[in-house]
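Colleague: Take a look at the following structure, please.
Just so it is clear, none of the values below were taken in a lab; they were calculated from the coordinates. Keep in mind the model is a prediction, meaning the values are calculated, not measured. When we count neighbours, we look across all protein chains shown, and the Cβ atoms used for this are built from the backbone with ideal geometry, even at glycine.
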Amino acid sequence: MEYRSNGQLGVEVRGIDLKETIPDNILEKIKKDVHEHKLLIFKNQGVITAERHLEISQWFGELDSKHKKHKRSPHPDILRVSNDSTEGCTGIGRTGWHIDGSFIEKPFRLCIFYMVSIPREGSTAFISLNGLINQLTPEKRELWNSLHGIFRQDGYENIHPLIYPHPVTRQPTMCFNLGNMEEFIFDSGGKDERFLKNDETEDTLKDIDREIKQSEDLIYRHKWEEGDLIICDNRAVGHEATPETQYPVSQIGLRILHRTTIKGVNTPSKQI
């Protein structure tokens with residue numbers, strides 16, 4: 001097994017076939033390295049069946065499948081995404097930069113992506129959240145650090161700190177979703193606690209989006225190739241689908257992505 005840096009975020013992994021039995025020592029290394037590198041991009045994996053995708057996912061723990069269901073999905077634990085509504089859920093990943101599962105009490109630990117049908121255009125963009133935080137001005141970092149977001153989706157409502165220590169690496173990271181953060185609380189639990197006004201909330205969301213878009217040196221856009229499988233440290237990496245992913249089949253070809261998510265075990269907290 002060989003790692004090759006892609007120069008921005010994560011590593012390409014070559015010389016291993018995930019369809020074969022993986023020795024325990026290699027599996028333990030993969031589990032450790034996904035937190036160190038944040039993205040493990042396994043190349044040349046050939047066809048990964050839905051059954052094998054689920055088996056690979058279960059190496060890392062219990063699956064958590066709080067996602068939209070589609071009749072074409074091969075299993076309820078697999079989110080099936082497409083640019084064709086008859087083939088999968090459309091518009092997924094296009095509501096803004098986010099981590100997955102921010103709306104639940106314990107966001108997903110890992111996401112595992114596999115592209116079943118690769119379009120001619122359309123990438124998945126990823127950014128290191130620790131890298132983003134470290135590039136903020138001291139004043140902006142202090143402001144973001146004082147905020148908690150209120151997340152509402154699919155009947156869930158949870159409040160999480162915008163910045164908190166990653167439960168494994170302890171590096172500062174973010175819990176956010178620019179598509180479903182409806183409100184912010186300033187100084188939650190403190191003497192200056194208050195809810196941000198609507199215009200302040202809108203300005204904060206725009207500010208997060210602007211900071212990400214200005215951090216081109218931190219963004220890795222993965223152009224999918226046949227046989228790619230990505231394991232992502234969901235709590236350390238923000239992502240979004242690029243606009244081209246929703247172009248019609250007649251323009252870019254059929255896009256079908258399968259995603260599984262590993263159940264979270266930690267509620268985002270300021271406490272280390």
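Colleague: Over the alpha-carbon set of the stretch 1-80, work out the extent along each principal axis and list the three values in angstrom, largest first.
Modeller: Rounded to whole Å, the extents work out to 38, 29, 23 Å.
Colleague: Once phi is turned into ³J(HN,Hα) by the Karplus curve 6.51 cos²θ - 1.76 cosθ + 1.60 with θ = phi - 60°, what whole-Hz value does each residue of the stretch 232-242 show in order, with x for glycine and proline?
Modeller: Result, ordered by residue: 10, 6, 4, 7, 10, 10, x, 8, 7, 7, 6 Hz.
Colleague: Could you calculate the FRET efficiency of Arg120 with Asp187 from 1/(1 + (r/R0)^6), where r is the beta carbon distance between them and R0 is 51 Å, rounded to 0.05?
Modeller: The value I calculate is 0.55.
Colleague: Sticking with this structure for a sec: Would you kindly work out the equivalent ellipsoid of the chain from its C-alpha gyration tensor and give its semi-axes, the square roots of five times the eigenvalues, largest first in whole Å?
Modeller: 30, 21, 18
Colleague: May I ask which of Lys106/Lys270; Lys68/Lys106; Lys66/Lys106; Lys19/Lys263; Lys32/Lys213; Lys31/Lys263 have a Cα-Cα span longer than 20 Å here?
Modeller: Pairs exceeding 20 Å: Lys19/Lys263; Lys32/Lys213.
Colleague: Can I ask one more? What FRET efficiency comes out for Gln214 versus Lys43 if R0 is 30 angstrom and r is the Cβ-Cβ distance? Round to the nearest 0.05.
Modeller: Using R0 = 30 Å, I get an efficiency of 0.50.
Colleague: Here's something else I'd like to know. Suppose each label sits 7 Å from its Cα in the direction of the beta carbon; what would the Asp24-Gln171 distance come out to in nanometres?
Modeller: 3.0
Colleague: Restricting to DSSP H runs of at least four residues, report the calculated mean residue ellipticity at 222 nm for the chain, -39500 (n - 2.57) per run over all residues, nearest 500 deg cm²/dmol.
Modeller: That comes out to -6000 deg cm²/dmol.
Colleague: Give the relative contact order (percent, whole number) for the chain; include only Cα pairs under 8 Å separated by 6+ residues.
Modeller: Computed value for the chain: 34 percent relative contact order.
Colleague: Which lysines have a Cα less than 16 Å from the Cα of Lys197, not counting those fewer than 8 places away in the same chain?
Modeller: Straight-line reach from Lys197, under 16 Å: Lys206.
Colleague: Aspartates and glutamates near Lys69 by alpha-carbon distance under 18 Å, same-chain residues fewer than 8 away left out - which ones?
Modeller: Those aspartates and glutamates meeting the cut-off are Glu51, Asp77, Asp84, Glu87, Asp100, Asp154.
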